[in-house]
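For reference, the structure is listed below as structure tokens.
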Amino acid sequence: MPNNSRANMQKTNDSYFNQILEKHKKDLAIMFKETFGVELKDKTLVCQRPYPDNFDSISYPQNFKVPEFIKFTGEDSRTT
């Protein structure tokens, strides 16, 4: 099979997959609305960080230690 026909077949498969995926998304949205009374949005971001992704890949300085925080309850002699 020539490379060109493989590429065309892949595009056709991707297109078919996307059609099926969209149908399932619509069916799921209908089921949620009928069952739970909840309407789904097209693209919902559950959690979005207020900073760029590359911020998480910055390494800590040498000998860095995460501080140990203790919740203040007021039931003992500790003060802030």
Point-to-point label distance, Glu75-Asp53, nm (Cα→Cβ direction, 7 Å offset): 4.4
FRET efficiency, Glu34 to Tyr60 (Cβ-Cβ, R0 35 Å, nearest 0.05): 0.10
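Where a number appears in this text, it was derived from the coordinates with a stated rule and is not lab data. Since the model is a prediction, treat every value here as computed from it, not as a measurement. Neighbour counts are summed over all protein chains in view; Cβ atoms, including those assigned to glycine, are modelled from backbone coordinates with ideal geometry.
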